[in-house]
Structures are given as C-alpha cells and as structure tokens.
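Heads up, the thing below is written out as structure tokens.
Each value in this text was obtained by applying a stated rule to the coordinates, not by laboratory testing. Just so it is clear, the structure is predicted and the values come from calculations on it, not from any experiment. Cβ: placed from backbone, ideal geometry, glycine included. Neighbour counts: every protein chain shown.
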C-alpha cells in the first residue's frame, strides 16, 4: 500500500507528465519538478527509464482521458461524431486554442522508435473504438473504419490549424465538413 505522502508524490509526478509532450525536446526532469512541485526523487523513482518513459506515461494519460470520454458513449453515428468533435472543441475553447494533442506532438517531435510505436498503438486504439461506435451507430463496418480514420486525421489537422492561428474557426470548418460527409454517408446506408 502506498503511504499518503508517497501517493501524493506519485500523483504529482504523473500529473506533471501532461505538460511534457508538447515541449518534449526541451523538457527536462527539472521542468517537470517545477510544474508539479513533486520531490526530485519521485520523478527518478517513478520514471527510471528517463524522459522517454515519462513521455510514454504522458501520452498514455492523454489517451486514457479520451478513452474514458468514449467509454460509455452510445448513439447514432451523428451523435458519436458530434461527441468526438465537441470533446476537441471544448479542449480548444478552454485553452484559448493553446492546447493540442499530446500524441500528435510526440509523433511529430520524437526520434524514439518506442515512442512512435506507442503513439501508433494509441491512434489504432482510437480508430478501433470510434469505428466500433460508428458501426453501433448505423454505419457499415467498412465505412465506419474509413470514417474513423478520416475523423481522427481531420480533427488532428483542425486542432493544429486552430492552435497555429489561435482561432477556433479552422477547427469549426473541419467539423462542418466532417458532419456534411457523415450525413452523405448515412443517407447512402
């Protein structure tokens, strides 16, 4: 059993991992300590594999948040897509378009094969979950799989453009296009 202080240290270290991926190349354990207030020994204890292990934990945490948001979601394909789009839109709005996707950030910034594999696994998991939900929502398995890939890729691009332009408009344009595309597909089913 983890003592109260040790549990707090573990929580502080893991909470601090959320800030790592967007600045992965420039982040150091010292910065993580400053962000979290965790004792230096805690970071080295919980992440003996170094920065790559820390970043892997951060992207897994980000993935877990999305998985949790999709865990019990049911509804039509349109409702699933609206839910997914609204999750990302709310992240952008809450952060004044400063937040982005940790998994995308790592994919672009890392030269670590292990981190690229971890990011690939996460994206495959997201695609599979969205595809399953879209099938439950009325799309054929083939269309659901294709649209889940398009949805993730387009949303990631919309987030990047909104972040770069510090405006929700690019994301909203992508969201409108995705909704239009989905309506067309549903009409053909």
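Remarks
- Cα centroid separation, region 75-97 to region 99-155 (Å): 15 Å
- P(r) of region 31-155 over all Cα-Cα pairs, binned every 10 Å from zero, in whole percent: 12, 37, 32, 15, 5, 0
- A convex hull fitted around the alpha carbon atoms of region 90-189 yields 93 Å³ per residue.
- Packing around the peptides 69-78, 82-91, 112-121, taken as the average count of other Cβ atoms within 10 Å per residue, puts them in this order, highest first: 82-91, 112-121, 69-78.
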